[in-house]
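Worksheet for the structure shown next.
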Amino acid sequence: MASAITLAFVFGLIGVSLGVAIYSRRYSRTASEFYVAGRKISWLQNSLALTGDYLSAASFLGVAGAIAVLGIDKAWDGLGYFGGYIILLLLLAVPLRKIGKYTAPDALTTRFKDNRAIRMSAMVSVVIISTFYVIPQMVGAGALLQLLVGWDYVMAEIIIGALVITYVAVGGMRATTYNQIIQGMILWGAMFLILILTATTFFNTDLGAIMAQAKEMIPPQLAAELLAGDPSVPDWSTLTAGEAVAFVSMKLAGTPDALTPGVFASGWMNVIALAAGLVFGTAGLPHVLTRYFTVEKPKDARTSTMGVLIMVGTFYIMTIFVGLGAMYVLYPDLMGYFMGGQASIAQNMAVPLLSELAGGDVLLGIAIGGAFCAILSTVAGLLITIGTTVTHDFYKQVINPDASDLREVSVAKLSIVASGTMAVAFAIGLADQNVSYLVTLAFGIAASVFFPVLFLSVWWKRYTSQGALSTIVVGMVVSAVFVVARLMGYADLIGIPVLINPALYSLPAAMLAGIVVSLLTDDIGDAENFMVRAHGPNWEE
Amino acid sequence: MNENADQRQRDHIILLATDGSLPALAATKKAVQMAIESGSRLVAVTVNESSIMTALERKGEEVAESRLKGPLSLGTEVARAYGETKGVMVETMMLPAGPLVARILQFSEELDPDLIIMGNSGRSGWERIQLGSVAEGVMKHARYPVLIAKGFHLEEMKDIMNVAKGVARPTPISVVVEAPKVTLDSLGIGRRLSVAVVAMMLFLVPYFGLGLVSAFYPGTMVSDMFGSFQVNVIWILVIFPLGWITALVYNRIAETYD
């Protein structure tokens, strides 16, 4: 349970976040100094906004937390999330901005005009990916509040749901730019502070000491599995970090240490599948793609991505040291959580616990408040992505093509409220379940549906509507089948090994299906105009 | 124009800030009338308003504004056309994107007008909280007299409304139809894709290479390289800057596409 100072920081940050959400748009119109949103710094603003938008609680708590319990192998998450933006920059960002549509399905049907099957299947993919992504965020947020603020889980979910819906409905749609900028700075700054304070307090301001220590430790999650049922296991709360590490290392001599590769993803197929799923999945997440429809000029899509790469890259570099530092400092706590059957807490709590030890109540407040704001805005972004596609690609296309703008906006808001309510319901229903596979599925589908279909549409003239549809369907089906197989615990499926991420099979399958079917069919859509628009000189200026 | 009129024009400048909304049209009417009466030079400006918004946000804002929007025309063009009907030459200008108030103030400093005229939307409630009032902002900070046109009779607005209807606001779609004069072949998509893929390899080879070498040569990966930093840790830490270099190099190349 958090102290009053911590709570003050948490609520202060949420208040600032909501306040900025409400006032930012007004400020961007009525500020009397022109440099505020002037052209000169717009790329920086854009990139901070994109960074704030992208850094979710999963990045803030999850990546460092996972490194703290599994070691260096979990640096893959950060590498993949980072690399996804390089793929975006090189292959998709500018073309998507130049096509300048509302949603990813919209961009596709700009080439394959009035193709309802493509629009619908893409719309369903957006909804599925975003839903699978939003549920773990909500479950994680509930658990976080339950643990740190002491609220009842159901209560916490309802409060988060209500806040998100207010945030969306009230603060314009997505608490525009300024909020994301502030959030990007808070999360980056908090991680920086945690790193500096951890290094100075526990490691003599020597990053090398963190590495040296990491080599002496067995990752807690691994150790807990190996020590399960061992009667000689002590009461972890009575041990210091050094004693706990020494005990485990003595008991489990020869076990991989925190810097050994392969602890999480073993064998080349698993590693490559994971790496591919992360890097191409990030490039295919609908709510990430949507952001590119919002930047002012096509050129900004590129310069902003550069900024994002710097911010996000340095952020994930910090998480590696913070994660490994947390492993040592919190070793007895983490062992205690794992052996007490609280695995998900162990992973999500590493960053907040470390920040409390390194920086007291204030830093803990910033960490929790920052994480909470990240959850709010990520969930809001996901709900808006769902709401926009449902309204634009389904309601406006199928149910009521004559809908006025006013009607469209109200339907969008309604569907955001509805999907928000459903997300709360799912989160309550799935409490205490391990829902992280949903994220894997989200990334797997994103990597195998949107990345290939957008890539081929933007770059390949011979791509046909039938080919695009095949890409979407094959990508979706193959990734879903392999995730389900993994969930059911199958080691292989008709002789094909089941991996930790489906992308190694589903991405090539989707590409291949698209290419083969395209070569056999000939409806290339409005390829010439579409591609000239995507790659040609900027027609807006 | 006779010499006498020129003399007076130098003496007197009216700055009209207009966004083509109904209140702005009322202000336009007033500005033209005053320009005639005082023989002033009339300069009409509009700010190219843009900010990072999702499509839904933009649409939401358009809906909120539609109540005030006249026939959706470009304010400066209406001022020019309306001025013509009254025999007044209206100079027009589109100010670059930025905060509306700041752009208007900044331009007023350059122009040094005798009077700024603008409309007041009369927003209230939630919209007012969210969008604020540009007229109020200009009034508060301007170093010149400001005249706010507030309230109007639709009956009296008929003439300018008719002019406005004739000046349709250009939609992006109509620009699209005209613009692509280039052909796909001239863009060299294949070459561009090769460049992008080659640049991508600069990142992807070490990225997937980390996985493959870790899987096949774990022993190499865990040997120390610099102090207590192992090969795999260094490799991971190097991938990030490699990504930055990839992005920078590609960015330089892609600049030529703009």
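The residue of the stretch A:177-200 that is surrounded by the fewest Cβ atoms within 10 Å (Cβ to Cβ), among those that are modelled with pLDDT of 90 or more and among the polar types (S, T, N, Q), is A:Thr200. Can you find a residue that is in a helix (DSSP H, G or I), buried (at least 21 other Cβ atoms within 10 Å of the Cβ) and hydroxyl-bearing (Ser, Thr, Tyr) anywhere in the stretch B:235-252? Among the residues of the stretch B:235-252, at least one is in a helix (DSSP H, G or I), buried (at least 21 other Cβ atoms within 10 Å of the Cβ) and hydroxyl-bearing (Ser, Thr, Tyr), which makes the answer yes. The criterion of at least 2 residues that are away from chain B (no Cβ under 14 Å) is met, among helices (runs of 4 or more DSSP H) falling completely within the stretch A:83-150, by A:104-111, A:116-148. Of A:Ile515, A:Ile500, all but one fail to be buried (at least 17 other Cβ atoms within 10 Å of the Cβ), among the β-branched types (Val, Ile, Thr), over 19 Å from A:Ser125 (Cα atoms) and within 22 Å of the chain's Cα centre (by Cα); the exception is A:Ile500. Of the residues in the stretch B:220-233, at least one is at pLDDT 90 or above and among the aliphatic types (A, V, I, L, M).
Taking (1) more than 30 Å from A:Thr131 (Cβ to Cβ); (2) without any contact (Cβ under 8 Å) to a residue 12 or more places away in the chain in turn, A:Thr255 satisfies each apart from (2). Inspection of the stretch A:292-299 finds a residue satisfying the criterion of being without any contact (Cβ under 8 Å) to a residue 60 or more places away in the chain and of a type outside the set (Phe, Trp, Tyr). Among the residues here, A:Met476 does not qualify as surrounded by fewer than 19 Cβ atoms within 10 Å (Cβ to Cβ) and more than 19 Å from the chain's Cα centre (by Cα). Within the stretch A:15-28, can one find any residue that is surrounded by 16 or more Cβ atoms within 10 Å (Cβ to Cβ) and at pLDDT 80 or above? Yes, because at least one residue in the stretch A:15-28 is surrounded by 16 or more Cβ atoms within 10 Å (Cβ to Cβ) and at pLDDT 80 or above. Each residue in the stretch B:81-95 was checked for being farther than 17 Å from B:Ala26 by Cβ and of a type in the set (D, E, K, R), and 2 pass. Would you be able to say whether some residue in the stretch A:221-241 is closer than 22 Å to A:Gly78 by Cβ, touching a residue at least 60 places away in the same chain (Cβ under 8 Å), away from chain B (no Cβ under 14 Å) and assigned to a helix (DSSP H, G or I)? Yes, the stretch A:221-241 contains at least one residue that is closer than 22 Å to A:Gly78 by Cβ, touching a residue at least 60 places away in the same chain (Cβ under 8 Å), away from chain B (no Cβ under 14 Å) and assigned to a helix (DSSP H, G or I). Right, B:Ile129: touching a residue at least 24 places away in the same chain (Cβ under 8 Å) and either within 11 Å of chain A (Cβ to nearest Cβ) or touching a Ser or Thr at 6+ places or on another chain (Cβ under 8 Å) (or both) or not? It is false that B:Ile129 is touching a residue at least 24 places away in the same chain (Cβ under 8 Å) and either within 11 Å of chain A (Cβ to nearest Cβ) or touching a Ser or Thr at 6+ places or on another chain (Cβ under 8 Å) (or both).
Scanning the stretch A:208-220 for residues that are part of a helix (DSSP H, G or I) and either within 14 Å of chain B (Cβ to nearest Cβ) or in contact with a strand residue (DSSP E or B) (Cβ under 6 Å, 6 or more places away or on another chain) (or both) gives A:Gly208, A:Ala209, A:Ile210, A:Met211, A:Ala212, A:Gln213, A:Ala214. Considering the stretch A:306-315, and only residues there that are within 18 Å of the chain's Cα centre (by Cα) and facing chain B (nearest Cβ under 7 Å), the residue that is surrounded by the fewest Cβ atoms within 10 Å (Cβ to Cβ) turns out to be A:Ile310. Apart from one condition, A:Ala343 fits all of (1) crowded, with 23+ Cβ neighbours inside 10 Å; (2) under 17 Å from A:Ile67 (Cα atoms); (3) of a type in the set (A, V, I, L, M); the exception is (1).
So that you can scan it fast, the table gives a plain yes or no per residue for (1) among the aromatic types (Phe, Trp, Tyr); (2) touching a residue at least 60 places away in the same chain (Cβ under 8 Å):
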residue	(1), (2)
A:Phe482	yes, no
A:Gly489	no, no
A:Ile496	no, no
A:Ile500	no, yes
A:Ala503	no, yes
A:Pro508	no, no
A:Leu512	no, no
A:Gly525	no, yes
A:Glu528	no, yes
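Residues that are within 30 Å of the chain's Cα centre (by Cα) and closer than 23 Å to B:Ser228 by Cα within the stretch A:204-222 comprise A:Leu207, A:Gly208, A:Ile210, A:Met211, A:Gln213, A:Ala214, A:Lys215, A:Met217, A:Ile218, A:Pro219, A:Pro220, A:Leu222, listed in sequence order. Return yes or no: is A:Ala326 among the small types (Gly, Ala, Ser), at pLDDT below 90, in a helix (DSSP H, G or I) and buried (at least 22 other Cβ atoms within 10 Å of the Cβ)? The answer is no for A:Ala326.
Cβ separations smaller than 9 Å between residues 6+ apart or across chains give the following pairs from the stretch B:99-118 residues that are within 17 Å of B:Lys150 (Cβ to Cβ) to residues that are among the basic types (Lys, Arg): B:Ile117/B:Lys30. For the stretch A:456-472, the condition of being buried (at least 20 other Cβ atoms within 10 Å of the Cβ), within 11 Å of chain B (Cβ to nearest Cβ), touching a residue at least 12 places away in the same chain (Cβ under 8 Å) and farther than 22 Å from A:Leu96 by Cα holds for none of the residues. Of the residues in the stretch A:281-298, at least one is of a type in the set (Ser, Thr, Tyr), facing chain B (nearest Cβ under 9 Å) and surrounded by 21 or more Cβ atoms within 10 Å (Cβ to Cβ). Within the stretch A:258-270, the set of residues being at the interface with another protein chain (Cβ under 7 Å from one of its Cβ atoms) and touching a residue at least 40 places away in the same chain (Cβ under 8 Å) comprises A:Leu259, A:Thr260, A:Pro261, A:Gly262. When the stretch A:389-431 is filtered for residues that are in a helix (DSSP H, G or I), surrounded by fewer than 18 Cβ atoms within 10 Å (Cβ to Cβ) and within 13 Å of another protein chain (Cβ to nearest Cβ), the ones remaining, listed by number, are A:Asp405, A:Leu406, A:Arg407, A:Ser410, A:Leu414. Residue count for the stretch B:213-234, restricted to those that are exposed (fewer than 14 other Cβ atoms within 10 Å of the Cβ) and either within 7 Å of chain A (Cβ to nearest Cβ) or assigned to a strand (DSSP E or B) (or both): 4.
Test A:Ile366 against the stated conditions and say whether it is assigned to a helix (DSSP H, G or I), farther than 26 Å from A:Asp523 by Cα, within 24 Å of the chain's Cα centre (by Cα) and hydrophobic (A, V, I, L, M, F, W, C). Yes: the conditions hold for A:Ile366.
The values are calculated or read from the model by the stated rules, or taken from the named source; none is laboratory data. Treat the numbers as computed from the prediction; the structure is a model and nothing was measured. We place every Cβ from the backbone using ideal geometry, glycine too, and count neighbours over all the protein chains shown.
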